[in-house]
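The values are calculated or read from the model by the stated rules, or taken from the named source; none is laboratory data. Note that the coordinates shown come from a computational prediction; the quantities given were computed from them, not determined experimentally. Because the Cβ atoms are built from the backbone with ideal geometry, glycine has one as well, and the counts that use them run over all protein chains shown.
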């Protein structure tokens, strides 16, 4: 969508939500004349500086922009009171409102509700296995943008599951808000782990047994994957719930992802690097070459037990 001053902010919000991009909806809930903004006026603001809609001119907009940036960092809603009243101290007024001094001489007063909509978290599931399917289904139920990365020639796990068949087709990935699970069960284990590690995500899980993990890690060391990178892999993936069925294993893995996500928070990158946060997922040419060399050999690995 091409945004312009005439675009309905609700339409812009719907478009941003559909694309999984973060934004703030600012809504005027109270206005004391004289103000150019009226109750019900809305604007959409993004961390790229885009503003669609109207919540007041030079008196209110700078304050709303600064507050929107903070809201995108911590995910918290806010109620702003923008007033020319010099007797009212700035800051929290004790009622949940954040008071700000009017930065021009209109003489009016505004209250504006700031509501952040954070980027949808992304889940990359490598493999075509019962656990991989359960992870895709559970991830979708939990509100993740789920992509199945299946390098095999097996039938797609389901038309409802977004599937890519090569590393080059991986979707653009925000490295601050994406998580990867390798559940390949002996098919393309090394290639998938190497690709996942290159994305520099906060979580990379490997659904496997400890014995198979050691074999794969030894193979990755031969491919010049560092011990520091291997230390970032959760293997076996998942919180130990004693699960055996694919759905139970998927639950334990998603629990570990939730723990990682909430522990670190959805902290967005500083302004200097924010423009580069959302980039196409690129896997090195070397990984693709190795994939072609090892395809047949990798298919011969024994699959790990579902509950391993």
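Among the residues of the range 43-55, the ones that are free of Cβ contacts under 8 Å to residues at least 40 places away in the same chain and not in a loop (DSSP other than H, G, I, E, B) come to 4 in all.
Consider residue 80 carefully, then state whether it is surrounded by 11 or more Cβ atoms within 10 Å (Cβ to Cβ) and not in a helix (DSSP H, G or I). Taking the combined requirement at face value, the residue satisfies it. When 110, 170, 138 are checked against the criterion of being surrounded by 14 or more Cβ atoms within 10 Å (Cβ to Cβ), in contact with a strand residue (DSSP E or B) (Cβ under 8 Å, 6 or more places away or on another chain) and assigned by TED's automatic domain parsing to the domain that holds residue 192, 170 stands alone in meeting it.
Being more than 23 Å from the chain's Cα centre (by Cα) and within 30 Å of residue 29 (Cα to Cα), is that true of even one residue in the range 114-125? No, because not a single residue in the range 114-125 is more than 23 Å from the chain's Cα centre (by Cα) and within 30 Å of residue 29 (Cα to Cα). In this structure, residue 34 does not qualify as more than 30 Å from residue 199 (Cβ to Cβ), outside any loop (DSSP other than H, G, I, E, B), out of contact with any strand residue (DSSP E or B) (no Cβ under 6 Å at 6 or more places or on another chain) and in contact (Cβ under 8 Å) with a residue 24 or more places away in the chain. If you filter the range 132-144 down to residues that are touching a residue at least 24 places away in the same chain (Cβ under 8 Å) and not in a helix (DSSP H, G or I), you find that the one that is nearest to residue 20 (Cα to Cα) is 144.
The residues listed here are 213, 223; of these, the one that is modelled with pLDDT of 90 or more and over 21 Å from residue 255 (Cα atoms) is 223.
Scan the range 217-238 residue by residue and report those that are under 21 Å from residue 258 (Cα atoms), without any contact (Cβ under 8 Å) to a residue 60 or more places away in the chain and part of a loop (DSSP other than H, G, I, E, B). Result: 231, 232, 235, 237, 238. With respect to the conditions (1) under 26 Å from the mean Cα position of the chain (by Cα); (2) exposed (fewer than 13 other Cβ atoms within 10 Å of the Cβ); (3) touching a residue at least 12 places away in the same chain (Cβ under 8 Å), residue 40 lacks only one, and its number is (1). Of the candidates 208, 184, 147, the single residue that is touching a helix residue (DSSP H, G or I) at 6+ places or on another chain (Cβ under 9 Å) and in a strand (DSSP E or B) is 147.
Of all the criteria given as (1) crowded, with 16+ Cβ neighbours inside 10 Å; (2) touching a residue at least 60 places away in the same chain (Cβ under 8 Å), the one not satisfied by residue 59 is (2).
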